[in-house]
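Take a look at the structure set out below.
Nothing in this text is a laboratory measurement; each read-out follows from the coordinates by a stated rule. Just so you know, these numbers come straight off a predicted model, no measurement behind them. Counting neighbours? That spans all protein chains shown, and the Cβs are built from the backbone with ideal geometry, glycine included.
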Amino acid sequence: MNSLQRSKIIKIIFMALLLFMLIPGSILICYSILKSDVEIFNEDSPSIEMHLTSCGIDNIGNTCFFNACMQCILSLPAFVNYFSTETFNSETQPISIAFKNFIEDYKKSEQSVNPKKFIEVLKGREIMANLFNKEAQDASEYLIQFIETIHLEIVERENKFSNLTSEDIKNLDIIGRWFGIICEYSIKCQECENTIITNTLERFLKLNITEGVQKSIDNFHQSVIINDKDYEWECRTQNCGNIIHLDTNSIKSIPRYLIIYNRTLLIESNEDCNVKIYIDRNIKINNTEYKLIGVIFYERRQRHYYAICNRNKWIIFNDASYNQNAKFSAKSNSVYMLLYSKIY
């Protein structure tokens, strides 16, 4: 909370106390005013999770990648509520408006919704135009481009308010807080101990999942000594040139919604993956707990995506159809992406 926000809250408390002294029975009014204003500054506070009613999404030509991703995104109540209630600019935020309209169409549909209008707007962005050419596509590529696009639209709008401080703008970067992971990668020379540290902002946590999700997260933080002549690294410290080094990864900042990308499932291959991984319903990162919200599966032989999402109960979404009595195995060889939500 910055100084401006703190000052505003102090003023509200003072006004509430004054109102309480002057007007009998006003304590409930004071509490309501104070509570609503404080919650504005804490967008990460949990809210009542009102899930959308289940609805399928029509496949309009190899768009199963889009359908699976959107069903997971639409299973995030706070995210859906934000885009349902915000006002957007038609000139500078066309994707945000199209997504808002798509949510409304989704709510009104009984069995399935046609995404054609939304996809036509998405195709207007050069970076996404090639994703909707009626050929099989990578769901992870679409999802990251969708998140980045709406992120840019929102940040550009907030930057137009010249009276906002950099801290205010940071607080308003809701997409960054919801989907931003800061990872630290360090390389330490085992000879001279020279260390190179790099911090990167990621939208996905990319893991080589071979057993379980939690175990892969734990392995991500482990340091590994690499002594490989084929590995393109050489210490640049003067008179060193050593190639033996220690690789260490760590997660410095975690988001509200964590997207995990399984790198062991190579979508270019048509062969089934023999590695069945354990799907943890709950995971922990940096002492913060997350619960599973959605899983995107990829059947490589059929080159087909579908999703299983938690909207107070598990639902299988397979293009235009859905099953509200979903049961899925705790182990699977077709897990492509997983979406977790922070537990408050």
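Couple of notes before you dig in:
- Calculated FRET efficiency for the pair ASP138/SER253, C-beta based, R₀ 30 Å, to 0.05: 0.70
- Residue exposure proxy: HIS221, HIS151, ordered by other Cβ atoms within 10 angstrom of their Cβ from fewest to most, comes out as HIS221, HIS151.
- Ascending count of other beta-carbon atoms within 10 Å, so fewest first, for LEU131, LEU201, LEU207: LEU201, LEU207, LEU131
- Whole-Hz couplings from phi, Karplus 6.51/-1.76/1.60, listed for the range 90-100; x for Gly and Pro: 5, 7, 9, 9, x, 5, 4, 5, 4, 5, 4
- With eigenvalues of the C-alpha gyration tensor scaled by 5 and rooted, the range 271-344, Å: 22, 17, 9
- Amide proton proximity set for LEU205, modelled H, under 5 Å, gap of 5+: ILE259, ILE260, TYR261
- GLU104/LYS291 FRET efficiency (R0 30 Å; Cβ-Cβ; nearest 0.05): 0.60
- Other-chain or far-sequence residues with amide H under 5 Å of ILE293's (modelled H): LEU339, TYR340, SER341
- Sparse-neighbour loop sites [GluC sites (Glu not before Pro); the range 189-226; at most 14 other C-beta within 10 Å; DSSP]: GLU191, GLU193, GLU211
- When you filter the trypsin sites (Lys or Arg not before Pro) in the range 90-162 for DSSP loop state and at most 10 other Cβ atoms inside 10 Å of their Cβ, you are left with LYS134, LYS160.
- Along the range 217-225 the Karplus relation, 6.51 cos²θ - 1.76 cosθ + 1.60 evaluated at θ = phi - 60°, assigns HN-Hα couplings of 5, 4, 5, 4, 7, 6, 7, 10, 7 Hz to successive residues, with x for each Gly and Pro.
- Using the Cβ of ASN67 as centre and a radius below 10 Å, the other residues enclosed give a net charge of -2, where K and R count +1 and D and E count -1.
- Residue by residue, the range 187-194 carries 3J(HN,Hα) couplings of 10, 10, 5, 7, 9, 9, 6, 5 Hz when phi is fed to the Karplus relation 6.51 cos²θ - 1.76 cosθ + 1.60 (θ = phi - 60°); x denotes Gly or Pro.
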